[in-house]
Structure formats: structure tokens, C-alpha cells
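Here's the structure we're looking at; comments come further down.
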Ligand code: ZN
């Protein structure tokens, strides 16, 4: 089968032929329909410090996907051939403290597809049946391929009681847009979404109802004045990975406020911890999705009318992956999906 492989510890990816995986008794073979490119994949493509320290080479990359079940192992009952599916990309065990407490997403030995375990940017993937998520009829295969990052946003918003709270989201990439959409559904009060990239600012204005702040021409403090936000935001979400944005959140969040961190910085970053202490801020890092509560919630949000297809701005055939990564790197896209079936 064809697959996008990180074959050397260096920038770039190779489209190459690899063996089609064979499912074991408790596994499922999925024929990939669409994959979506994540910011994480761009870190891997560019081979930055985070990727160098984290990614196993050689490996098929990619973790956001949808597809059709082609074959199931002999002990698999919940999933059938022909099911339209996506999957949780964290491969976990049940023999550790967190998993045995029901927190599978915090298994200390988690393997991640496309990072330390064979990924989804290929014509087929094999996953443990435990990880396979069936799509409802109301969810297209295109949207199915972006349920994984949507789950990150749902997990993040669900971490705090946002009802009636003023919320800041830094970074209007796909996760930032998803956060703004879920925050509105969850009953947040004023939602302010910042970015510096003109494409993302424009897209954010089109697909969210947030007060979008163009940081290249507007000042966040002015916007807070305009919204009569005297003491700051009650809750903030960092979704850019930018050290400037992180430090801005520390300044703009209220005393005793809560902050979720989702954006991955490319390098270790400097933070003024004394400000965090004297503001008595609470931080929560968001890693993945709660298994599998987040997936049920995400599918319910879609079933009750939230349209995520507007976040998919580009579709390429998988052979044109280089063009797709170029757009992502320039920040000239919402979600980009690769078509593996046509
Ligand atoms: Zn992702």
C-alpha cells in the first residue's frame, strides 16, 4: 500500500510503498477515506526540536482519519466490515494506575499513531478494535477525519464550567476555531479569539461568532476596554503554541482565573512564573481526548446541528501532500484533508 513515511530523521516526508498491515484477533483493518493534517504533523514534517525528541523513525505519520472497515479480527464483536469509522489514536494498555482508574487517556505508556506507532497517512491502518469509533449517519467521512482535533477542543472546554464566563482563546488555527464554536455551544459569555495571521483572522470571522482580534493591527487591551472587561478574562485557552500568546494570557486572565494549554510550543519557552503565582492562576494541560467520554460528546454536538465542514478549507489527493504542508506552514488554511480513496 501507499503511505506517507518519515523515513529519515530530517525535514520532509516520503510517499512510498509499504506492506499492508494484517489485523490480529482483537484488531480492525480500516481502508482510509480521508486524513486530516494536524499542527503536530507539521512539527513532524519540519522536524523541529519537539519532533526530534518525540517521533520514532521510520514511521508512517498521521493520526486524524476516517475510513471504512475492511476486515475484523476473530474476537471483534462491536465493529463490523463496512462500518464507517474513525479512531482514537492513543494506543493504551489496561495494566497501569491511570487506566485502571478509568483514565485511559492518561496511560503513562501511551503510544500514539503517527508518532510512535504506525500512523494513518496510508491506504490502510490497523487499530485495536477498542480504539475504533463508529460514525453516525449524520457525520460525513470528511468531517469524520477531523473528529480527533475536535475532541481536543471538546475535552478542553469541558474541563471548566464556562457558563456565563468571559473567555479568551489565543490562536485561530483549527483548534482555536473549534474551541470558539464549542464555547458558544457550552454557554460562554463573551468569547474573544486572537491571531496575527490575516488568513486566519478572516476565516475566524466567517466561521465563529467570537470577537476576533487581529493582533497585527489591534490591541487586546483596547478590545477588553471596548467590551468593558475590567479585570480580565475568567477562563483562557492557549491554542497557538506561541510564547507571546502564552504570556499575553497570563496578563489578560483575571486573578484566580483558569487557563487551558493546548498549543504545542516548538521549543522550550520562557514564562514569568512569578506573575502566575501572584495571580493565583490554575492551569490545565490538555492532552488528547478523554477515552471515550469525549468522543460521545463530540458526536452528540455534531448530531445536534454543529457543522464542522466549514472548517475544512482545502482537499488534496494524498499525492499532493507537499502542497498541503506548504499551505499549513504558511497558516493559509483551516483544516486540510487528504483524499486516499480517489
Ligand atoms: Zn491532531
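The values are calculated or read from the model by the stated rules, or taken from the named source; none is laboratory data. From a predicted model like this one, the values you see are computed outputs, not experimental measurements. So basically every Cβ, Gly included, is an ideal-geometry build from the backbone, and we count neighbours across all protein chains shown.
In region 311-330, which residues are in contact (Cβ under 8 Å) with a residue 24 or more places away in the chain and either buried (at least 16 other Cβ atoms within 10 Å of the Cβ) or touching a strand residue (DSSP E or B) at 6+ places or on another chain (Cβ under 6 Å) (or both)?
311, 312, 313, 315, 317, 318, 321, 324, 325, 328
Which residues, counting only those in region 80-92, are away from the ligand (no atom under 16 Å from the Cβ) and crowded, with 20+ Cβ neighbours inside 10 Å?
85, 92 - these are the residues of region 80-92 that are away from the ligand (no atom under 16 Å from the Cβ) and crowded, with 20+ Cβ neighbours inside 10 Å.
Okay, residues lined up against (1) touching a helix residue (DSSP H, G or I) at 6+ places or on another chain (Cβ under 6 Å); (2) at pLDDT 95 or above:
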site: 20; (1), (2): no, yes
site: 25; (1), (2): no, yes
site: 33; (1), (2): yes, yes
site: 40; (1), (2): no, no
site: 51; (1), (2): yes, no
site: 75; (1), (2): no, yes
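Being part of a helix (DSSP H, G or I) and under 16 Å from the mean Cα position of the chain (by Cα) is the filter here, so list the residues in region 311-324 that pass it.
311, the sole residue that qualifies.
What's the number of the only condition in (1) more than 23 Å from residue 129 (Cα to Cα); (2) over 20 Å from the mean Cα position of the chain (by Cα); (3) without any contact (Cβ under 8 Å) to a residue 24 or more places away in the chain that residue 9 fails to meet?
Here residue 9 meets the rest and fails (3).
Quick one: is residue 37 more than 13 Å from the ligand (Cβ to nearest atom) and touching a residue at least 60 places away in the same chain (Cβ under 8 Å)?
For residue 37, the condition - more than 13 Å from the ligand (Cβ to nearest atom) and touching a residue at least 60 places away in the same chain (Cβ under 8 Å) - is not met.
If I go through region 293-306 residue by residue, how many of them are in contact with a helix residue (DSSP H, G or I) (Cβ under 8 Å, 6 or more places away or on another chain) and not in a helix (DSSP H, G or I)?
Number of matching residues: 1.
Just the residues that are in a loop (DSSP other than H, G, I, E, B), away from the ligand (no atom under 13 Å from the Cβ) and modelled with pLDDT of 95 or more, please, taken from region 56-71.
The answer is 57, 58.
Determine which member of the set 156, 172, 210 is within 16 Å of the ligand (Cβ to nearest atom) and crowded, with 17+ Cβ neighbours inside 10 Å.
After applying the criteria, what remains is 156.
Scan region 261-280 and tell me whether some residue there is without any contact (Cβ under 8 Å) to a residue 40 or more places away in the chain, surrounded by 19 or more Cβ atoms within 10 Å (Cβ to Cβ) and in contact with a strand residue (DSSP E or B) (Cβ under 9 Å, 6 or more places away or on another chain).
Checking region 261-280: at least one residue is without any contact (Cβ under 8 Å) to a residue 40 or more places away in the chain, surrounded by 19 or more Cβ atoms within 10 Å (Cβ to Cβ) and in contact with a strand residue (DSSP E or B) (Cβ under 9 Å, 6 or more places away or on another chain).
Go through the residues of region 18-32 one by one and say whether even a single one is crowded, with 17+ Cβ neighbours inside 10 Å, in contact (Cβ under 8 Å) with a residue 12 or more places away in the chain and either within 17 Å of the chain's Cα centre (by Cα) or within 16 Å of the ligand (Cβ to nearest atom) (or both).
Scanning region 18-32, I find at least one residue that is crowded, with 17+ Cβ neighbours inside 10 Å, in contact (Cβ under 8 Å) with a residue 12 or more places away in the chain and either within 17 Å of the chain's Cα centre (by Cα) or within 16 Å of the ligand (Cβ to nearest atom) (or both), so the answer is yes.
Identify the residue in region 128-148 that is assigned to a helix (DSSP H, G or I) and touching a helix residue (DSSP H, G or I) at 6+ places or on another chain (Cβ under 6 Å) and, among all such residues, is nearest to the ligand (Cβ to nearest atom).
147
When the residues of region 187-204 are filtered to those that are part of a helix (DSSP H, G or I) and free of Cβ contacts under 8 Å to residues at least 60 places away in the same chain, which remaining residue is surrounded by the most Cβ atoms within 10 Å (Cβ to Cβ)?
204
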